[in-house]
Amino acid sequence: MFNAATLPVALTAAVLLGIPGVTVVVATHTWLQRATPRQLLGRVSSAFVTVEAAANMAGALAGPALSTLTGLTPALNAACALAFVSALITLALMPRSVTPEE
């Protein structure tokens, strides 16, 4: 997407990447809610959203710094690689099925 030569190609890539991006967010939150006992759901959800927001803030600060040091294209490619590696790690760590303990 970031290396696209034309706007239509970049927009198509953005739409195609947005679909799995939304799916991951919804699936992760659903899994968290199903795996967490009811009495802890508020605390666990709050902690998860807080860490998620902190990661977004860290990325918002690190992105421009990396872009200044390496240039825009390498920084964007690094962000894509980090997201891909994070997805693989998450896939490896998540259990296949979860039933909440109540």
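Observations on the model:
- Thr23 in a helix (DSSP H, G or I), open to solvent by 70 Å² or more (accessible area, probe 1.4 Å), among the polar types (S, T, N, Q) and modelled with pLDDT under 90: yes
- The stretch 63-97, residues that are in a helix (DSSP H, G or I) and under 19 Å from Leu32 (Cα atoms): Ser86, Ala87, Leu88, Ile89, Thr90, Leu91, Ala92, Leu93
- Those residues of the stretch 2-15 which are modelled with pLDDT under 85 and open to solvent by 90 Å² or more (accessible area, probe 1.4 Å), in sequence order: Asn3, Ala5
- The single condition among (1) open to solvent by less than 60 Å² (accessible area, probe 1.4 Å); (2) in contact with a helix residue (DSSP H, G or I) (Cβ under 8 Å, 6 or more places away or on another chain); (3) among the aliphatic types (A, V, I, L, M) that Leu66 does not meet is (1).
- Any hit, the stretch 50-62, residues being open to solvent by 60 Å² or more (accessible area, probe 1.4 Å), part of a helix (DSSP H, G or I), out of contact with any Ser or Thr (no Cβ under 8 Å at 6 or more places or on another chain) and among the polar types (S, T, N, Q): yes
- The condition (being free of Cβ contacts under 8 Å to residues at least 24 places away in the same chain and open to solvent by less than 50 Å² (accessible area, probe 1.4 Å)) is satisfied by just one residue among Leu32, Leu41, Leu82: Leu32.
The values are calculated or read from the model by the stated rules, or taken from the named source; none is laboratory data. Not measured: the values here are computed from a predicted model. Note: ideal-geometry Cβ built from the backbone for every residue, glycine included; neighbour counts use all protein chains shown. Ligands, DNA and RNA are stripped out before the accessible areas are found, and what is left, the full protein with its side chains, is counted by its heavy atoms. Shrake-Rupley method; radii C 1.70, N 1.55, O 1.52, S 1.80 Å.
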